[in-house]
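The values are calculated or read from the model by the stated rules, or taken from the named source; none is laboratory data. Quantities reported herein were computed from a predicted structural model and do not represent experimental measurements. Neighbour counts are summed over all protein chains in view; Cβ atoms, including those assigned to glycine, are modelled from backbone coordinates with ideal geometry. With ligands, DNA and RNA removed, areas are computed over all heavy atoms of the protein, side chains included. Shrake-Rupley method; radii C 1.70, N 1.55, O 1.52, S 1.80 Å.
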Amino acid sequence: MTNTTAPSPAASLGLLLLRVVVGAVFAAHGAQKIFEFTIPGTIGSFADMGVPLPEIAAPAVSFIEFGGGILLILGLFTRVAGILLAGDMIVALVTVHLPAGLWVGEGGYEFVAVLGAAALALALTGAGRISVEGAFLRGRVPAWLS
């Protein structure tokens, strides 16, 4: 089955706005983990926070956030990127932020919850017309991919 329907122009503008803002935030967080903190620094930080298997989790999270954010901005493989990023935020919420409560100022989960919900929404809706997918892939790949 292929995806041959496209959202309305107004809905596509809304999806573009959501994709660019959420994608930029994810890409920036991934870039920070890769280039500023470095992967070894991120591994140490994850270990300090009690994240299981930090040697695997830190590079995976770093590259999922960086690459997934870029894919969201472009509107390319949006559903796959959205699922991976939503999963990333669910794990962050449960393993690190949930015990601190809601408020981000105390290390809580409000920020990761919003990012995770936005990523999941994009995974469920797709990129919209104003995207690489809308321009080149719609109707040519399975609906779950575009």
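Helix-only estimate, please: 222 nm mean residue ellipticity of the chain, summing -39500 (n - 2.57) across DSSP H runs of length 4 or more and dividing by its residues, to the nearest 500.
After summing the helix terms and dividing by the residues of the chain, the value is -20000 deg cm²/dmol.
What FRET efficiency comes out for the pair A10/L53, r = Cβ-Cβ distance, R0 = 30 Å, nearest 0.05?
Approximately 0.10, to the nearest 0.05.
From the square roots a ≥ b ≥ c of the eigenvalues of the alpha-carbon gyration tensor of the range 1-67, which class results: rounded (a/c under 1.5), prolate (a/b over b/c), or oblate?
prolate
Using the heavy atoms of the protein chains alone and a 1.4 angstrom probe, what is the accessible area of the chain per residue in square angstrom? Before the final figure, lay out the partial values.
Working: 7550 Å² over 146 residues.
Accessible area per residue: 52 Å².
Roughly to the nearest percent, how much of the accessible area of the range 1-68 is carbon and sulfur, given a 1.4 Å probe?
Numbers: 2760 of 3680 Å².
Carbon plus sulfur share of accessible area: 75 percent.
Whole number please: convex hull volume per residue, Cα atoms of the range 51-98, in Å³.
Output value, Cα hull per residue: 63 Å³.
Starting from 0.36 nm per residue, how many nanometres of slack lie between E110 and V20 once their C-alpha separation is accounted for?
Result: 30.4 nm gained on full extension.
Of the listed values (1) 10.8; (2) 8.8; (3) 8.0, identify the label whose number matches mean projected area of the Cα convex hull in nm² calculated from this model.
Only one option fits the structure, namely (2).
Using Cα atoms only, what is the angle between the long axis of helix 110-125 and the major principal axis of the chain, expressed in degrees (0 to 90) to the nearest 10?
30
For Cα pairs less than 8 Å apart in space and 6+ apart in sequence, what is the mean separation divided by the residue count of the chain, i.e. the relative contact order in percent?
It rounds to 33 percent for the chain.
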